[in-house]
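The values are calculated or read from the model by the stated rules, or taken from the named source; none is laboratory data. Small disclaimer: the values here were computed from a predicted structure and weren't measured. In this analysis, Cβ positions are derived from the backbone assuming ideal geometry, glycine residues included, and neighbour counts consider all displayed protein chains.
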Amino acid sequence: MKISISLTINGKQHTDQVEPRLLLIHYLREVVGLKGPHIGCETSICGACTVALNGKTVKSCSLFAVQADGQDILTVEGLATNGQLHPIQEAFWNEHGLQCGFCTPGMLMTTKELLERNPQPTDDEIRHGLEGNLCRCTGYQHIVNAVKSASKAGG
Amino acid sequence: METTATKTRAPLVGKRIRRLEDPRLITGTATYVEDIEMPNMHYAAILRSPYPAAKINRIDTHASEQHPGVVAVFTGKDISHLGPVPCGVSLPDLRIPNHSLLAQDRVYYVGHPVAVVVATNQYIARDAVDLIHVDYDPLPSISDPEKALEDGASPVHPEWPNNIAFTHHQEGGDIEKAFQEAEVIVKERIVSQRLVPSALEPRGTVSTWNSGNQSMTVYSSTQIPHILRTLLSQVLKLPEHKLRVVAPEVGGGFGSKCELYPEEALTAFISMKISKPVKWIATRREGFLATIHGRGHVDYYELAAKKDGTMLGLRVKLIQDVGAFHMLLTPAMPTLSVLMLPGLYRFKNVKADVVGVFTNRMATDLYRGAGRPEATHGIERMVDILAAELKMDPVEIRFKNFVPPSDFPYDTPTGLSYDSGNYAAILEKALDMAGYAQLREEQRKGRENGRLIGIGLSTYGEICAFGPSPALPTGGWESATVKIEPSGQVTVMSGISPHGQGSETTFAQITADELGVDIEDIVVAHGDTATVQHGVGTFGSRNTAVGGTALFLALRELKEKIERYGSMLLESENVTYGGGVCTCNKTGTCVSLTEIAAASYKASKLPPNTQPGLVSTNYWEPPNFAFPFGAHLIVSEIDRDTGEIQIKRYLALDDCGKVINPLLVEGQVHGGVAQGLGQALYEQVVYDDTGQLITGEFMDYALPKATMVPTIETERTETPSPVNPLGVKGIGEAGTIAASPAMVNSVVDALSPFGVRHIDMPLTPEKVWKLVQKGGKA
């Protein structure tokens with residue numbers, strides 16, 4: 001049995017027939033072809049799969065695709081506009097906020113929501129805001145710097 | 001031809017420049033293994049043993065095979081003709097059990113692969129794994145390495161009842177004399193617990209067989225594509241020239257992807273069987289169950305000294321928890337520990353007895369630091385324990401025992417030759433930066449008010465830039481090819497296989513400076529055996545020191561060739577290449593690299609004894625390792641009521657020789673420290689008494705989060721290495737090696753009023769709270 005879902009992803013309308021048990025992350029990666037969100041743990045701890053659902057971040061490994069029916073999704077691929085990097089992307093690049101890059105798409109999406117909620121966060125608020133995203137490479141310090149830099153740039 | 005002056009600009013080496021790798025990574029357009037798609041892709045899923053030890057009576061795959069979408073199910077009997085998972089180490093009494101790709105008649109650890117299902121999609125493959133019925137007879141198992149050595153312990157491998165996997169003995173100086181002359185001897189049992197490396201990208205592989213030309217391509221999340229190709233060729237019994245291995249974007253490794261894992265060979269085998277591409281991606285649970293673990297030491301230290309704090313000798317018994325099988329370098333891990341036992345200190349007497357022990361657990365092997373964190377943790381803890389015994393300041397005892405700068409190159413009692421260093425200078429700098437005297441005063445006052453403040457140091461040394469080839473089963477050299485394309489842009493092909501370190505950027509910096517080209521005109525390629533000449537790969541903090549030096553040599557050679565072409569085009573014997581142009585030193589006339597490149601490929605005229613094109617390949621065989629060092633200092637405070645540890649300051653002072661890109665060096669230090677603190681404070685692999693893995697997910701294994709790592713104050717000294725022409729050492733593992741002893745020393749210092757002398761990691765609040773409650777008695 002397949003179910004029809006219609007949703008907006010990065011500003012584009014998509015309609016697909018999906019199995020009810022298909023996870024949102026697998027729908028995005030394998031049906032829509034957006035490889036930016038990654039699968040790091042399947043238990044909603046690592047946050048590599050983070051996307052925005054109606055402007056709020058969700059762990060797309062812990063939702064079914066059918067739950068996103070009729071909703072609006074933004075992934076890392078939708079951050080840059082007209083070939084211009086989003087200020088958060090620029091900030092992560094400038095501040096060396098990534099090493100292997102696997103956690104980065106999720107980090108960027110979480111940062112976006114964090115700065116929307118709190119445009120001038122303190123270091124502590126940034127660290128708490130990023131608690132749902134694991135990074136094994138950076139020790140987080142350059143990520144915190146990147147979020148601060150994006151905050152200054154009005155990201 | 002022009003007469004313009006040579007283009008001059010500031011060198012890029014030494015500059016904080018942002019990375020060339022990042023645009024693809026921040027836009028979600030990088031290609032990791034799981035992102036690879038191919039027509040007719042099939043998906044493998046693996047059935048793993050739920051028992052730590054059991055006899056397999058029968059495997060019934062019928063229901064699984066009949067499941068719609070399943071193409072095939074393979075068990076041990078199907079792959080018994082293939083080679084085992086290799087161990088690359090030789091030691092005189094090493095016992096290497098047969099480590100077949102899938103279990104044969106017995107399973108040896110929870111997670112041992114038993115069968116593999118291949119299906120048209122991953123959901124079906126996982127469903128069908130659950131339809132395989134295995135009839136097991138559970139057997140007694142052993143999980144604790146010390147208990148495994150006791151008489152009557154259950155043998156992991158029945159053929160070796162004492163569970164000893166190997167022994168290793170090393171001795172330097174006269175240890176008996178040192179202990180006879182000792183005025184004080186301190187002893188401690190120090191555990192370096194098992195850890196899960198936890199690269200954020202799980203392991204994964206895609207294999208595709210081309211039956212037409214009988215060739216195989218394996219994409220794998222690996223740190224060693226060329227070595228993996230050689231090993232796969234042996235395991236699969238395929239000719240190596242028909243085998244291509246690609247390490248695409250790799251999402252972290254930390255040593256855990258320096259292996260041939262069964263799944264890499266299994267997907268290749270299945271692809272040949274079904275003539276379709278086959279993908280397997282580890283679940284995070286498989287990352288815990290069936291990806292190598294790090295550390296796993298129980299070590300007994302005895303340190304002999306004079307009453308004035310002069311250290312005389314170190315005697316150590318090291319117990320390495322091997323797990324059920326060896327992986328590629330497992331037995332080498334504790335031998336690396338032994339090498340670094342003397343740390344930065346000049347005592348000349350060392351004796352180490354290593355025993356590797358089989359247990360019914362996943363294998364241990366390389367994890368960031370690989371043997372050196374265990375040794376550094378040991379010696380740095382013992383120095384503090386000795387200082388406490390003698391009521392000396394831990395700083396004073398270190399200054400007293402450091403190898404002085406005048407003694408380099410310094411021969412250690414473990415057979416190494418430390419290349420260069422100034423240990424007192426970096427410690428002095430750290431103490432200045434910390435305001436050490438004032439910190440001690442604050443601590444004293446705080447104690448009067450009942451506060452538990454600790455100041456902990458580690459003055460670490462490490463061995464890296466692996467390394468001279470005789471020291472490594474893989475060879476320790478590295479390669480580089482530099483190709484100036486006909487249009488003048490530059491392609492560098494390096495035998496290293498970076499996966500987050502930023503070597504595409506640092507190598508482009510070196511290239512830009514040597515050739516005088518813009519960094520945008522350079523691409524650094526790596527990780528594909530079909531395009532890159534043979535190389536050794538990325539581990540042991542070797543990228544820049546070994547791979548960078550090979551690149552530097554190739555660039556030097558290429559510049560000579562450019563000058564030969566320049567000389568021909570300028571019709572002058574007296575030319576110099578620099579800043580992107582070749583200039584006649586007499587007339588000032590010059591010709592650009594673009595023009596030279598075009599002429600070299602057009603080749604209508606060639607300089608004498610010169611071939612067409614501008615390509616150079618070179619190799620670097622390092623004559624020695626390199627030895628970074630540093631001083632890390634942690635100020636911590638313990639909450640009496642909860643046992644929680646707050647890191648108030650973390651100072652990381654490192655000397656990694658010459659620095660190519662300070663921004664990237666800081667990134668490596670931060671990340672390394674976070675992993676060292678992970679071991680010190682949070683992380684531990686727990687198998688219960690029945691051999692079940694209790695910490696099997698990120699839900700129950702405490703990987704540090706952003707709130708759990710402090711802000712790190714970094715500073716450097718710069719002592720060039722004489723081992724290579726770049727003067728570089730290595731920084732990938734330093735932070736991890738330095739952090740754990742500094743953290744434990746800090747907490748023990750905080751608890752010293754209770755008489756606490758040692759605490760094993762991780763320093764959980766529960767453990768600390770109990771010590772506070774019981775007045776220091778564990």
**Request:** Identify the residue in the stretch B:514-528 that is in contact (Cβ under 8 Å) with a residue 60 or more places away in the chain and assigned to a helix (DSSP H, G or I) and, among all such residues, is farthest from B:H499 (Cα to Cα).
**Result:** B:L515
**Request:** Give me a count of the residues in the stretch B:363-413 that are among the hydrophobic types (A, V, I, L, M, F, W, C), in contact with a strand residue (DSSP E or B) (Cβ under 8 Å, 6 or more places away or on another chain) and assigned to a loop (DSSP other than H, G, I, E, B).
**Result:** 5
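Out of all the residues in the stretch B:330-362, which are without any contact (Cβ under 8 Å) to a residue 60 or more places away in the chain and in contact with an Asp or Glu (Cβ under 6 Å, 6 or more places away or on another chain)?
Restricting attention to the stretch B:330-362, the residues satisfying the condition of being without any contact (Cβ under 8 Å) to a residue 60 or more places away in the chain are B:333, B:337, B:345.
If the condition is that a residue be without any contact (Cβ under 8 Å) to a residue 60 or more places away in the chain and in contact with an Asp or Glu (Cβ under 6 Å, 6 or more places away or on another chain), then B:S337 is the only one that fits.
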**Request:** Report yes if some residue within the stretch B:738-759 is of a type in the set (K, R), touching a strand residue (DSSP E or B) at 6+ places or on another chain (Cβ under 9 Å) and surrounded by fewer than 24 Cβ atoms within 10 Å (Cβ to Cβ); otherwise report no.
**Result:** yes
**Asked** When the stretch A:20-33 is examined, which residues are found to be more than 17 Å from A:T50 (Cα to Cα) and surrounded by 16 or more Cβ atoms within 10 Å (Cβ to Cβ)?
**Response** none
**Complete:** For strands (runs of 3 or more DSSP E) lying entirely in the stretch B:594-674, having 1 or more residues that are in contact with a Cys (Cβ under 9 Å, 6 or more places away or on another chain) and closer than 21 Å to B:Q501 by Cβ picks out B:629-638
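Can you tell which of B:G630, B:G696, B:G676 is within 14 Å of chain A (Cβ to nearest Cβ), under 20 Å from the mean Cα position of the chain (by Cα) and at pLDDT 95 or above? Full working, then the answer.
On the way: B:G630 fails: within 14 Å of chain A (Cβ to nearest Cβ); B:G696 fails: under 20 Å from the mean Cα position of the chain (by Cα).
Answer to the selection: B:G676.
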**Request:** Might you check whether a residue that is closer than 30 Å to B:E37 by Cα, touching an Asp or Glu at 6+ places or on another chain (Cβ under 9 Å) and within 14 Å of chain A (Cβ to nearest Cβ) occurs anywhere in the stretch B:289-312?
**Result:** yes
**Asked** Of the residues that sit in the stretch B:736-778 and are out of contact with any His (no Cβ under 7 Å at 6 or more places or on another chain) and among the small types (G, A, S), which one is farthest from B:R451 (Cα to Cα)?
**Response** B:A778
**Pair list, Cβ under 9 Å, 6 or more apart: the stretch B:597-608 residue closer than 17 Å to B:E560 by Cα, other residue part of a loop (DSSP other than H, G, I, E, B) and β-branched (V, I, T)** = B:S600/B:T610
**Request:** Give the number of residues within the stretch A:40-90 that are within 12 Å of chain B (Cβ to nearest Cβ), in contact with a His (Cβ under 8 Å, 6 or more places away or on another chain) and aliphatic (A, V, I, L, M).
**Result:** 3
**Item:** Residue list for the stretch B:1-24, restricted to those being away from every other protein chain (no Cβ under 14 Å) and either modelled with pLDDT under 95 or not in a loop (DSSP other than H, G, I, E, B) (or both)
**Value:** B:M1, B:E2, B:T3, B:T4, B:A5, B:T6, B:K7, B:T8, B:R9, B:A10
**Prompt:** Residues in the stretch B:623-633: is at least one in contact with a helix residue (DSSP H, G or I) (Cβ under 9 Å, 6 or more places away or on another chain), more than 28 Å from B:N724 (Cβ to Cβ) and without any contact (Cβ under 8 Å) to a residue 60 or more places away in the chain?
**Reply:** no
**Prompt:** Hey, among B:S192, B:S198, B:S207, B:S233, which residue is more than 23 Å from B:K279 (Cβ to Cβ) and among the small types (G, A, S)?
**Reply:** B:S192
**Complete:** Scanning the stretch A:34-53 for residues that are of a type outside the set (A, V, I, L, M, F, W, C) and within 12 Å of the chain's Cα centre (by Cα), the one surrounded by the fewest Cβ atoms within 10 Å (Cβ to Cβ) turns out to be A:K35
**Request:** Starting from the stretch A:105-124, take each residue that is away from every other protein chain (no Cβ under 14 Å) and list its partners that are aliphatic (A, V, I, L, M), counting only C-beta distances under 7 angstrom and pairs at least six apart or across chains.
**Result:** A:E113/A:A52; A:L115/A:A150
**Request:** Hey, could you check the stretch B:25-39 for residues that are over 25 Å from the mean Cα position of the chain (by Cα) and more than 9 Å from chain A (Cβ to nearest Cβ) and say which is surrounded by the most Cβ atoms within 10 Å (Cβ to Cβ)?
**Result:** B:I36
